[in-house]
Amino acid sequence: VVIGGGTGTFTVLMGLKKYSDLQISAVVTMADDGGSNKVLRDEFGLLPTSGIRQCMVALSENEGLLRQLFSYRYYQGVGISGMTFGNLFMAAVSDIVGSQREAIKKTAELLDVRGEILPVSYDTVSLLATYEDGAEVLGEHLIDIAGERTGRQRIKSFRTIPATMIDPEVERAIAEADLIVLGPGDLYTNTVANLVVNGMAAAIEKSYAKLAFVMNVMTKKGESYNYKASDFLEDLGKYLALSRLNYV
């Protein structure tokens, strides 16, 4: 089970796919709210699909045109510039089958995805970060771009608005896992964003799986400014018992 979102998870999955004896489940944060994900949330009433799309491309056994299409980003056209074909495709499938959960499964079948892609929750949520000076930033995109005030501060608390619960399919995958890989990716908006979902940390802590945390090799304003390795672990320990880690 690989837990995260974004390019870090994409890279891990691309590597793990090479080992044919692995059964892979990708658990993806669903709090993205920038770019095309904002359009999907605001105009289509759907959960963001960029993380799901990247996982599908990583795990797809289809090396042809369809796989390339899912990564294609429109660069012109009023209202469509910046959108990806894959995101628009999944929005259409959701409309046709009447369920985003079913749309993810149907699209995975079409792309010949090796493994399963699991949103951590199907609730619509936003991320709320509270910084050292009391400043609060709401929304994954705004946390990600880090304003002048918050860029060099540490995040003191982090949660979803509203609170949400781990999806049963994710809970099942974690319970059955032999190995759980956490990260890499933006420490808060990709990694901790999954851990603050109610039931997630508890599911990991009672799992019998080995747990590996893939630490970032770079720091980032607004989330891990000027961090040492020990700082990454200190922050992670606020949301998951560090005694549970087997590998870093």
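The values are calculated or read from the model by the stated rules, or taken from the named source; none is laboratory data. Computed from a predicted structure; not experimentally measured. FYI the Cβ positions are ideal-geometry reconstructions off the backbone, even for glycines, and counts take in every protein chain you see. Surface areas here come from the heavy atoms of the whole protein model, side chains and all, with no ligands, DNA or RNA. Shrake-Rupley method; radii C 1.70, N 1.55, O 1.52, S 1.80 Å.
A few points about this structure:
- Top-ranked residue of region 149-187 - restricted to ones that are over 20 Å from Ala203 (Cβ atoms) and of a type in the set (Ser, Thr, Tyr), ranked as modelled with the highest pLDDT: Ser157
- Qualifying residue in region 169-192 (condition: over 29 Å from Gly86 (Cα atoms), among the basic types (Lys, Arg) and not in a strand (DSSP E or B)): no
- Pair list, Cβ under 8 Å, 6 or more apart: region 146-175 residue more than 17 Å from Val120 (Cα to Cα), other residue outside any loop (DSSP other than H, G, I, E, B) and small (Gly, Ala, Ser): Thr150/Ala129; Ile155/Ala129; Ser157/Ala129
- Count of region 210-248 residues which are of a type outside the set (Gly, Ala, Ser), open to solvent by 80 Å² or more (accessible area, probe 1.4 Å) and closer than 22 Å to Asp178 by Cα: 3
- Tally, over region 1-21, of residues that are in a helix (DSSP H, G or I), touching a residue at least 24 places away in the same chain (Cβ under 8 Å) and not aliphatic (A, V, I, L, M): 6
For (1) in contact (Cβ under 8 Å) with a residue 12 or more places away in the chain; (2) charged (D, E, K, R); (3) on the phi > 0 side of the Ramachandran plot, each residue gets a yes or a no:
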| residue | (1), (2), (3) |
| --- | --- |
| Glu61 | yes, yes, no |
| Gly64 | no, no, no |
| Leu69 | yes, no, no |
| Tyr72 | yes, no, no |
| Gly82 | yes, no, yes |
| Asn87 | yes, no, no |
| Val93 | yes, no, no |
| Val97 | no, no, no |
| Ala103 | yes, no, no |
